[in-house]
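To start, the structure under review is shown below, and the notes come after it.
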Amino acid sequence: MTYDETIKYLYDSAPMFQKAGASAYKEGMENSFLIDRHLHYPHTQYRTIHVAGTNGKGSVCHLLASVLQEAGYKTGLYTSPHLLDFRERIKVNGEMIDKDYIVGFIAENKDFFESVQPSFFELTTGMAFAYFARQAVDVAVIEVGLGGRLDCTNVITPVLSIITNISFDHTNLLGNTLTAIAGEKAGIIKPGVPVVIGEAEGEVREVFEGAGQKVQGGRVLFVQDFPETNIKVVSPLQGFAQEKNTATVLCALDILKDIFTVPSRAVAEGFAGVIKNTGLAGRWQVLQEHPKIVLDTGHNAGGMEYNVRQLQSEKYDVLHIVFGMVNDKDISAVLRLLPGNAKYYFTQANLPRALDAQLLAEQGGRFGLKGEVFPSVAGAFAAARERAGKDDFIFVGGSTFVVAEALLMISG
C-alpha cells in the first residue's frame, strides 16, 4: 500500500474516537497488552513520562518535550488528536514520524491487527511506542488519550506521572462527578513512581492522596505545595491557562532533576522555543492582528472558563465568535460561560460527532447568544473575516475539529 492507502486503511479499519465518539472506545486493556507483547514491549527501551488530566495535558507534554530536547536528549512525543496531519501525533525531536515507517509498520503487523481488531488509538499507540524504540530515543513524553486507568498508554511504567487538573469531560465514559473522573485519572499512579498534580482541591485532592497511599512508594506531589520557583520563563503559548501549565512543568522538571540533567538555559530555551521545537498549534494561537484572530482547542467547561477569562482581558470594538462543538460534550455547561456581547457564527466540523449547527444555535439562544448558522467551518470563518473591522476580534473554538478546519483554510 502507498502512504495514502495506509492512512485510509488506518481510519477505515479501526474505530476512531475523534470521528465516532464513545462507540470507538474499548473498555479494558486486553488489546493493549496483546499489542505490547506482540511488539516486544518497545516502551521498556527508553524512559517515559506519562501525562493525564482534563485540560492542559497537550501543552504540558509539548513544553516538557521541548525542554528535554533543548537539554540534549533525543525526545519522543506522543499526543492526540492531530489537527491537520496524522503524523503530528508521533514526533521525535519535533520531526513527525516517517511516512515509510507507517507504511512498513502496518504492512508488517496487518495480519496480527486484524486478528485482534484494535481501536484506532490502540493501534496508533503501539506504532508510537515501536517507532520511539526504532529511533532509540532517550525519553518519550506520552499523553493519555482518555481517562488514565484503562487508557492503552497505561502499559508503561514511567519515571514520572503528571495529572494536570480535573474538570467535567467525557462524563459518559469516566463518571459524572469530579471524584469519579479523578479516580480514573489516578489510575496512572504506579508503585515507586512520583506523580505531580497540577490542580486539585478538597475531595479531588483526597482521591489522589488515597491513590498514592494504595501503591507502594507512591509519591503524590501537589503543585500548590511546592515553594515558588525563582525560574523565570517566557513562552509563545498565550492565555491564562498557560500560567497553570507553566507551574506544572517547572515542578515536574524539579522532580526529574535526579534523572535528567536539565540546565536552566535548556528550561528557558525549551519554553521560548516550544512551537519551533514541537510544532504545537491551537493553544490561544494568534493568527493575525487587525482584526485579531485567535484559535483555541479548549472544548469543555474547564477549558472554556480560561478562554472566556482571556477574552474579557482583550480590547476590541466587536467580538466575533466562530463556534462549533461535538455532540457528546456537556453543551449547556459550555454555552452558559460564553459572552453575550458577541456576534456568533454557529457551525459544525465535518465529522459524524459534530453537533448540528442549527441545534447549537438553538441551545445558544437559550443563553442569550445570537448569531447565524453556517453548515461549514470554512463558510463561518470566511464570513467572520469578511465582516470584522480592523479593530475587531475573531475567536474560533469550541472543538479541536473546528480549529483544525479553520487552520486548514489558512494553510491552504
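Points worth noting:
- Test for ALA133: is it under 28 Å from ILE255 (Cβ atoms) and either in contact with a Cys (Cβ under 6 Å, 6 or more places away or on another chain) or surrounded by fewer than 21 Cβ atoms within 10 Å (Cβ to Cβ) (or both): yes
- Screening ILE259 against (1) surrounded by 16 or more Cβ atoms within 10 Å (Cβ to Cβ); (2) farther than 30 Å from GLY371 by Cβ leaves a single unmet condition, (1).
- Taken across region 92-100, residues that are polar (S, T, N, Q) and either crowded, with 24+ Cβ neighbours inside 10 Å or not assigned by TED's automatic domain parsing to the domain that holds ILE7 (or both) do not occur at all.
- Within region 52-75, being in contact with a helix residue (DSSP H, G or I) (Cβ under 8 Å, 6 or more places away or on another chain), not hydroxyl-bearing (Ser, Thr, Tyr) and not in a helix (DSSP H, G or I) holds for ALA52, GLY53, ASN55, GLY56, ALA71, GLY72.
- The residues in region 351-365 that are touching a residue at least 24 places away in the same chain (Cβ under 8 Å) and loosely packed, with under 14 Cβ neighbours inside 10 Å can be counted, and the count is 1.
- Selection of region 113-139 for residues being in a loop (DSSP other than H, G, I, E, B), under 23 Å from the mean Cα position of the chain (by Cα) and not β-branched (Val, Ile, Thr) yields PRO118, SER119, ASP138.
- Of the candidates THR297, THR229, THR246, the single residue that is of a type in the set (Val, Ile, Thr), outside the structural domain of PRO339 (by TED's automatic domain parsing) and under 17 Å from the mean Cα position of the chain (by Cα) is THR246.
- Subset of region 45-86 that is of a type in the set (S, T, N, Q) and at pLDDT below 95 - its residue that is surrounded by the fewest Cβ atoms within 10 Å (Cβ to Cβ): SER80
- Breaking point among (1) closer than 13 Å to SER399 by Cβ; (2) in contact with a Leu (Cβ under 9 Å, 6 or more places away or on another chain); (3) crowded, with 17+ Cβ neighbours inside 10 Å, for ASN327: (3)
- Once region 236-256 is narrowed to residues that are farther than 17 Å from THR79 by Cβ and of a type in the set (Gly, Ala, Ser), the residue that is surrounded by the fewest Cβ atoms within 10 Å (Cβ to Cβ) is ALA247.
- Being touching a helix residue (DSSP H, G or I) at 6+ places or on another chain (Cβ under 8 Å), assigned by TED's automatic domain parsing to the domain that holds SER161 and either assigned to a helix (DSSP H, G or I) or closer than 13 Å to ASN165 by Cα (or both) is a description that does not apply to GLU209.
- Which listed residue is touching a residue at least 60 places away in the same chain (Cβ under 8 Å) and over 30 Å from TYR306 (Cα atoms), from ALA107, ALA128, ALA140: ALA107
- Taken together, the residues in region 377-403 that are among the aliphatic types (A, V, I, L, M) and surrounded by fewer than 24 Cβ atoms within 10 Å (Cβ to Cβ) amount to 4.
- In region 376-412, the residues that are under 17 Å from LEU84 (Cα atoms) and of a type in the set (A, V, I, L, M): VAL377, ALA378, VAL396, VAL402, VAL403, ALA404, ALA406, LEU407, LEU408, MET409, ILE410
- Test: residue in region 101-111 that is touching a Lys or Arg at 6+ places or on another chain (Cβ under 6 Å), at pLDDT below 95 and not aliphatic (A, V, I, L, M): no
- Flag for MET325 being touching a Ser or Thr at 6+ places or on another chain (Cβ under 6 Å) and either at pLDDT below 95 or aliphatic (A, V, I, L, M) (or both): yes
- Each residue in region 54-110 was checked for being closer than 24 Å to GLY298 by Cβ and of a type in the set (Ser, Thr, Tyr), and 6 pass.
- Scope region 194-206; condition assigned to a loop (DSSP other than H, G, I, E, B), buried (at least 21 other Cβ atoms within 10 Å of the Cβ) and without any contact (Cβ under 8 Å) to a residue 40 or more places away in the chain; matching residues: ALA200
The values are calculated or read from the model by the stated rules, or taken from the named source; none is laboratory data. Keep in mind it's a predicted model, so treat the numbers as computed, not measured. In this analysis, Cβ positions are derived from the backbone assuming ideal geometry, glycine residues included, and neighbour counts consider all displayed protein chains.
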